[in-house]
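The values are calculated or read from the model by the stated rules, or taken from the named source; none is laboratory data. All values reported here derive from a predicted model rather than from experimental measurement. When we count neighbours, we look across all protein chains shown, and the Cβ atoms used for this are built from the backbone with ideal geometry, even at glycine.
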Amino acid sequence: MSDSEYKEILAAASAFAKEKLEAFDAGHDWSHTKRVLSLAGRIQEEEKAGDREVIALSAILHDIADTKFHKGSETDGGDMAYAFLTGKGLSPEKAAHVRMIINHLSFKNRMEENQVDSIEFRIVQDADRLDAMGAIGIARAFHYGGYKNRALYDPGIPPREYRSAEEYKKSDAPTLNHFYEKLFLLKDLMNTATGKRMAQERHDYMTAFVERFLREWEGLASPPHSGNDNKS
Ligand code: ADP
Ligand code: NI
């Protein structure tokens, strides 16, 4: 595929995804997709691995049929992407690779043990996971909790482990639990060395945030070892 053909199919896929994503909430929208695309590009550059078309198209199309917002099956997104891409002239092999990546991307699917493997898959998954971490990850979590009308925090409802994807999807626990149930686990699930490094930094930011959140919950406004009131 020439450079101009590459740009063309990227632009077409972007327009297609944008239209599909318009119906979703702001934590799952086109801006998330753009961040995943750019994170995947950065990881790919540093890892010097993977097919750039497959990576970019998978990133752009990865959330077009999220089942939290779209009443369909878990494989609709991949099938829609496959039909779209082959219609635009992408080879069936590459389109099938994109379909496989999209259908296996989600955190929920981790519990279904349908582990697939390709460097392109690993890079896009790292990028998607990174966007659930750090400051953006915190914002997305509370945004999603608000959308679902969930409490910020409830000390009476401890975090738990989910045995199935169904159970995880049905949970209506407070948003702070989501940090223990998913977000703090992500750094150990990263696939690439670059992804791991980026995840560690975002992880540290989130743990500092939650520590402070819990202190403020108890009515303590400032960290224990800062400020001028501590001159001993
Ligand atoms: P994945 O695509 O890996 O399955 P999701 O679609 O479940 O991820 O999550 C999309 C975004 O919504 C992420 O930022 C995630 O942290 C957030 N989110 C998902 N479930 C919850 C929840 N129960 N509480 C708060 N945020 C959530
Ligand atoms: Ni995503």
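Listing for the model above:
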quantity	calculated
Within the range 144-172, tally of residues that are under 19 Å from the mean Cα position of the chain (by Cα), within 11 Å of ligand 1 (Cβ to nearest atom) and free of Cβ contacts under 8 Å to residues at least 40 places away in the same chain	5
Glu211 vs. criteria in contact with a Gly (Cβ under 8 Å, 6 or more places away or on another chain), surrounded by fewer than 18 Cβ atoms within 10 Å (Cβ to Cβ) and acidic (Asp, Glu)	no
Options Leu130, Leu90: the member that is under 19 Å from Asp188 (Cβ atoms) and either touching a strand residue (DSSP E or B) at 6+ places or on another chain (Cβ under 9 Å) or at pLDDT 95 or above (or both)	Leu130
Filtered residue count, the range 137-155, keeping only those that are within 22 Å of Asp204 (Cα to Cα) and not in a helix (DSSP H, G or I)	2
Test result for Ala141, within 11 Å of ligand 1 (Cβ to nearest atom) and surrounded by 17 or more Cβ atoms within 10 Å (Cβ to Cβ)	yes
Glu161 being in a helix (DSSP H, G or I), surrounded by fewer than 20 Cβ atoms within 10 Å (Cβ to Cβ) and away from ligand 2 (no atom under 16 Å from the Cβ)	no
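Rundown of residues vs (1) modelled with pLDDT of 85 or more; (2) away from ligand 2 (no atom under 16 Å from the Cβ); (3) among the hydrophobic types (A, V, I, L, M, F, W, C), yes/no style:
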residue	(1), (2), (3)
His62	yes, no, no
His104	yes, no, no
Gln125	yes, no, no
Ala139	yes, no, yes
Gly146	yes, yes, no
